[in-house]
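*Asks:* Here it is, the structure, as structure tokens.
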Amino acid sequence: MTGALALLPLFLAACAGGYIAARPGTDSDRPAWRSGTGGVAAILFVGALIAAAEAGSATARYIALIALLCASAASVLLLGVPERGLTPDGDGDDGVDG
Amino acid sequence: MIPPVGPAWLGAQLNGIGPSPVVAGAYLFSAALLLLGLSLRSGGHGNRWAMAGIVTGAAAAVYSHDVVNLPEMVSVVVIGGGIGLLLARRSAVAALPWLMLAGHGLLGVAAMAMAATLWRNPGAFGLAADDGLLLTLGFALGAMTLAGALALAVGRRPGGLALLGSGAGWAAAALGFAIGNSAMVVAGGMAGVAGLRLAWRARRIASRALPSGAGLP
């Protein structure tokens with residue numbers, strides 16, 4: 001827990017950065033599903049990599065590989081889908097509100 | 001009591017061993033790229049910066065650990081990434097929001113599985129008894145993200161993808177606190193707060209401009 005407390009200043013600074021990054025007016029023409037928060041949350045892929053690399057027992061290793069499989073698929077989806085070119089009339093919100 | 005500031009708070013610390021300056025710098029660089037990606041999302045290329053941040057963080061993670069099962073890990077990443085790439089490139093435009101829902105749900109599953117891995121093998125990650133709270137929090141947030149994605153998918157209640165991204169971000173931050181990984185803590189905090197703010201703003205706009213019941217197609 002001491003390590004966690006040591007990371008607290010960095011965490012608070014990151015929270016402030018996220019608050020500023022989500023300021024109004026920067027994405028008024030983009031649908032919510034292209035906002036990019038999911039892509040940043042895909043950092044879980046790094047955690048899954050660490051878990052899979054350090055897992056000791058066989059059970060822990062298999063669970064870590066499941067985490068890595070899900071995280072890799074999710075990372076590609078969350079980072080790749082918003083980059084898809086859209087048709088001019090399909091560039092609006094497809095109904096998913098944010 | 002404020003803990004001493006040292007290299008441990010700049011990167012992963014496992015078994016009481018702090019990271020090298022290169023690894024700590026790579027984690028911070030990864031976090032900076034993710035912040036850039038989140039800030040430039042309106043420019044159309046924000047996700048590419050975020051991709052670079054994820055790749056940098058992954059490279060630092062692999063470099064800084066003694067990977068004993070690299071073939072299995074590479075195979076799993078190729079399979080998962082291939083499935084995601086296939087879906088992202090071949091799906092119809094109308095299905096893209098649903099793919100984002102699926103991605104957030106998979107992130108929730110990944111957070112739950114990662115928390116379970118840390119729980120099963122605390123010695124390898126230098127976890128103390130009081131880190132169980134962080135693992136429980138990460139598991140619960142992953143489960144909530146998955147449940148939210150499922151609830152959105154079946155259309156039982158309106159909600160927001162930004163809120164799901166926020167949940168996955170908080171889960172990443174909690175698990176990052178547990179293993180002492182600065183990139184996960186920074187990116188998770190950014191995604192958590194940004195998602196909450198975007199969801200709050202969308203809710204206010206929807207309450208002013210949209211009729212009630214607006215939600216998924």
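The values are calculated or read from the model by the stated rules, or taken from the named source; none is laboratory data. Everything numeric here is computed off the predicted structure, so don't read it as measured data. Because the Cβ atoms are built from the backbone with ideal geometry, glycine has one as well, and the counts that use them run over all protein chains shown. Accessible surface is based on the protein model in full, side chains and every heavy atom, while ligands, DNA and RNA are left aside. Shrake-Rupley method; radii C 1.70, N 1.55, O 1.52, S 1.80 Å.
*Asks:* Tell me the net charge near B:MET114. Cut-off is 14 Å between Cβ atoms, B:MET114 excluded, with +1 for each Lys or Arg and -1 for each Asp or Glu.
*Replies:* Working: positive: A:ARG61, B:ARG120; negative: A:GLU54, B:ASP131.
So the surrounding residues net to 0.
*Asks:* If Lys and Arg each add +1 and Asp and Glu each add -1, what is the summed charge of the other residues whose beta carbon sits under 13 Å from the beta carbon of B:ILE83?
*Replies:* Details: positive: B:ARG89, B:ARG90; negative: none.
Taking every other residue near B:ILE83 into account, the sum is +2.
*Asks:* Give me the extension gain from B:THR136 to B:VAL78: residue separation times 0.36 nm, minus the current Cα-Cα distance, reported in nm with one decimal.
*Replies:* Values: separation 58, 0.36 × 58 = 20.88 nm, distance 2.94 nm.
Full-extension gain reported as 17.9 nm.
*Asks:* State the extension gain, in nm to one decimal, for the chain segment bounded by B:VAL22 and B:ALA52, taking 0.36 nm per residue of separation less the distance between their alpha-carbons. Let's see the in-between values first.
*Replies:* Details: separation 30, 0.36 × 30 = 10.80 nm, distance 1.70 nm.
Extra length available between B:VAL22 and B:ALA52 comes to 9.1 nm.
*Asks:* Using all C-alpha to C-alpha distances in the range B:11-209, build P(r) with 10 Å bins and read off the rounded percent in each one.
*Replies:* 9, 30, 40, 17, 4, 0
*Asks:* Follow-up. Tell me, what HN-Hα J-couplings in whole Hz come from the Karplus equation 6.51 cos²θ - 1.76 cosθ + 1.60 at θ = phi - 60° for each residue of the range B:172-185, using x for Gly and Pro?
*Replies:* Computed from phi, the couplings for the range B:172-185 are 4, 5, 4, 5, x, 4, 5, 9, x, 9, 5, 5, 5, 5 Hz.
*Asks:* At 1.4 Å probe radius, can you tell me the per residue accessible area of the range B:11-209 in Å²?
*Replies:* Result: 43 Å² per residue.
*Asks:* Continuing with this model, one more query. Which order, highest average first, do A:6-16, B:97-107 follow once you tally other Cβ atoms within 10 Å for each residue and take the mean per peptide? Intermediate values should be presented prior to the final figure.
*Replies:* Values: A:6-16: 18.0, B:97-107: 26.1.
For the peptides A:6-16, B:97-107, the packing ranking is B:97-107, A:6-16.
*Asks:* Using only atoms on other chains, find how many Cβ atoms lie within 10 Å of each Cβ of peptide B:89-98 and report the average. Intermediate values should be presented prior to the final figure.
*Replies:* Values: counts 4, 0, 3, 1, 8, 3, 2, 11, 10, 5.
That works out to 5 on average.
*Asks:* Still on this model: Counting residues in the range A:44-83 as N, plug N into 2.2 N^0.38 Å and put the Cα Rg over that result.
*Replies:* That works out to 1.27 for the range A:44-83.
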